[in-house]
Amino acid sequence: MSDQNKPTPSNQGAAGGKPALYGYTVRPIGNGTKSNWSKIAAAWAHKDGQGYDVQFDALPVDGRLVLRSARDDQQSETEVVDRSPGGMG
């Protein structure tokens, strides 16, 4: 595919634009009731809606990437999520 025909992200202009998705590597902590989510990637939708451009800041060691939609209230780059019964995650 030539550069002229290559799809470009719809919201990633000169200013950078907000990604449509963020990518995380998720690792269990301790006995597995909590997980550490580290943001390692961002994805921007193509103008034609048929794909995404993904930029990685790191690669997950286990090969698993979790994609989540971007929100205005994104928390820190790394967050611990409680996976125990009655927990928040």
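The values are calculated or read from the model by the stated rules, or taken from the named source; none is laboratory data. Worth saying up front: this structure is predicted, and the values here are computed from it rather than measured. All Cβ positions, glycine included, derive from the backbone under ideal geometry; neighbour counts span all protein chains shown. Please note that ligands, DNA and RNA were not included when accessible areas were found on the heavy atoms of the full protein model with its side chains. Shrake-Rupley method; radii C 1.70, N 1.55, O 1.52, S 1.80 Å.
Per-structure values
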read-out: Verdict on GLN50 being farther than 13 Å from PRO19 by Cβ, open to solvent by 40 Å² or more (accessible area, probe 1.4 Å) and modelled with pLDDT of 95 or more; value: yes
read-out: Close pairs from region 57-81: first open to solvent by 100 Å² or more (accessible area, probe 1.4 Å), partner modelled with pLDDT under 65, Cβ under 8 Å, at least 6 apart; value: none
read-out: Residues within region 1-22 that are touching a Lys or Arg at 6+ places or on another chain (Cβ under 7 Å) and at pLDDT 90 or above, tallied; value: 2
